[in-house]
């Protein structure tokens, strides 16, 4: 089994959010790949320091119990290409919207997927597609 230091140096995704007053204010952070590994703090920095301590304890417990510690995927594990099957009507609608925006179908789909998971993206032509009340 790998050592604690190995896991502590891996680049785990961290999700952090501001807590509402009824949640106690401050900040909350977690490492989704390590279930239950979470912490909070009055400031972002304090929250992240506390999360690092929680991560260390989480990994130490796994090692002591002989359990496998999840490792984050590397972006090199993905080619950036994906084949997707969809209804012809959806393909047509996406193609028409891309033409309306004067961008390629690939760029339009990439833009919509990125928006759907919360990525901030801009299109090569600087245009932000209008929505015309349509949801994709």
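The values are calculated or read from the model by the stated rules, or taken from the named source; none is laboratory data. Computed from a prediction, not measured in an experiment: that's the story for all the values here. So basically every Cβ, Gly included, is an ideal-geometry build from the backbone, and we count neighbours across all protein chains shown.
Only a single item in (1) outside any helix (DSSP H, G or I); (2) surrounded by fewer than 18 Cβ atoms within 10 Å (Cβ to Cβ) is not met by residue 29, and it is number (2).
Among residues belonging to segment 86-131 that are on the phi > 0 side of the Ramachandran plot and either in the same structural domain as residue 15 (by TED's automatic domain parsing) or modelled with pLDDT of 70 or more (or both), point out the one that is farthest from the chain's Cα centre (by Cα). Ranking the candidates gives 102 first.
Checking the stated criteria, residue 84 turns out not to satisfy the condition of being touching a helix residue (DSSP H, G or I) at 6+ places or on another chain (Cβ under 7 Å) and part of a loop (DSSP other than H, G, I, E, B). Confirm whether residue 92 is in a helix (DSSP H, G or I), touching a helix residue (DSSP H, G or I) at 6+ places or on another chain (Cβ under 9 Å) and free of Cβ contacts under 8 Å to residues at least 24 places away in the same chain. Judged against the criteria, residue 92 is not a match.
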